[in-house]
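Heads up: the structure comes next, in structure tokens.
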Amino acid sequence: AVLAGGIGVHIDPDNAHATYALLIAGHTSGIGTLLGRWIADGTAAAREDVARGFSTQLAHARRRAERMTREVAPALDALEARGVKPIALRGFHTSRVYFEEPGLRRMADVDLLVAPRQIDEAEAALHEIGFRPTTPVLRPYRRDWIGPGVSSEIFSVEVEDERNRWNLDLHASLDRLFHPGAVARLDSELDEVEPIDIDGRSLLGLRAPLLLLWLACHCSQELHANRLLRLVEIVRVIRANLASGRLDWDEFLSMTKRTGAARYAFPALAL
């Protein structure tokens, strides 16, 4: 209703749902923090206990975003010192560009893409400042890293607790493997990047329409565990880039045909 332009939309107008159930739904769908913001600014409405719960979720998300920004900064500086300029992926990009504040687009990981030829340099930079890998190397290259001082303990599963673990997810490919023989191959489009500023640091971000295509493929690949937040994110990316003239549908369709990725993007775009 909010995405359709509604103002003052009530979350539970008939008072039919338990507060706890609403808060868990907001948390697991990823949009509890958005609801907290919308209630505060009058875009949405809720009874007092529900509003208080979503406000708590938003407060945790804000503090968690600040913490992740602070703790990933040494990794970004170490990469830059070795001449590695990463591309910010997913929420690390969109939370800064397409949401009013980073905490509204929750993140479990900071996703960074580096060129395959720079993987050794990137890994050396992370080791140098105390990050350690927590997963084996996948193919195409992808590996999770955890920073020094980051606890592996889960402090809450009912709210995105600011203390919960976060990973630095290092990638060397945009390709998405759905299953053997079904791969959304997007690396051929990797020149479609542009500079973006993240907390005073210059990184790269995917340019529309590649950003939209990659988000749609990623969302479609993980429909079994999809969150409503990812669809909200796609809607925001589309609307913002259409409004600025940076997204042209003919260019987008041409890219989907050129890469053969239309069938992989379709489920998310249909939703």
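The values are calculated or read from the model by the stated rules, or taken from the named source; none is laboratory data. Note that the structure is predicted; figures quoted are calculated from it, not measured. Here the Cβ positions follow ideal geometry from the backbone for every residue, glycine too, while neighbour counts run over all protein chains shown. We work out accessible area using only protein heavy atoms, side chains counted, and drop any ligands, DNA or RNA first. Shrake-Rupley method; radii C 1.70, N 1.55, O 1.52, S 1.80 Å.
Summary of values
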| quantity | calculated |
| --- | --- |
| Test result for TRP214, out of contact with any strand residue (DSSP E or B) (no Cβ under 8 Å at 6 or more places or on another chain) and not aliphatic (A, V, I, L, M) | no |
| The lone exception for GLU194 - which of (1) touching a residue at least 40 places away in the same chain (Cβ under 8 Å); (2) under 18 Å from the mean Cα position of the chain (by Cα) it fails | (1) |
| Enumeration of residues in the range 1-11 that are surrounded by 15 or more Cβ atoms within 10 Å (Cβ to Cβ) and either among the hydroxyl-bearing types (Ser, Thr, Tyr) or in a loop (DSSP other than H, G, I, E, B) (or both) | VAL2, ILE11 |
| Subset of the range 154-184 [in contact with an Asp or Glu (Cβ under 6 Å, 6 or more places away or on another chain), touching a residue at least 40 places away in the same chain (Cβ under 8 Å) and open to solvent by 10 Å² or more (accessible area, probe 1.4 Å)] | ASN167, SER173 |
| Flag if LEU211 is farther than 25 Å from GLU80 by Cβ, assigned to a helix (DSSP H, G or I) and of a type outside the set (Phe, Trp, Tyr) | no |
| Hits in the range 12-33 (condition: part of a loop (DSSP other than H, G, I, E, B), at negative phi and either surrounded by fewer than 18 Cβ atoms within 10 Å (Cβ to Cβ) or free of Cβ contacts under 8 Å to residues at least 40 places away in the same chain (or both)) | ASP12, PRO13, ASP14, ALA16, HIS17, ALA18 |
| Subset of the range 46-58 [closer than 21 Å to SER156 by Cβ, surrounded by fewer than 21 Cβ atoms within 10 Å (Cβ to Cβ) and not small (Gly, Ala, Ser)] | ASP49, ARG52, THR56 |
| Within the range 113-142, considering residues that are among the charged types (D, E, K, R) and either within 17 Å of ARG82 (Cβ to Cβ) or touching a residue at least 60 places away in the same chain (Cβ under 8 Å) (or both), the one least open to solvent (accessible area, probe 1.4 Å) | GLU123 |
| Which numbered condition GLY205 fails, given (1) open to solvent by 30 Å² or more (accessible area, probe 1.4 Å); (2) within 16 Å of the chain's Cα centre (by Cα) | (1) |
| Some residue of the range 34-45 being open to solvent by less than 10 Å² (accessible area, probe 1.4 Å) and either under 11 Å from GLY103 (Cα atoms) or assigned to a helix (DSSP H, G or I) (or both) | yes |
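Residue-by-condition table, conditions (1) charged (D, E, K, R); (2) at pLDDT 95 or above; (3) assigned to a strand (DSSP E or B); (4) in contact with a Ser or Thr (Cβ under 6 Å, 6 or more places away or on another chain):
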position	(1), (2), (3), (4)
LEU170	no, yes, yes, no
VAL183	no, no, yes, no
ASP191	yes, no, no, no
SER220	no, no, no, no
VAL232	no, yes, no, no
VAL235	no, yes, no, no
MET255	no, yes, no, no
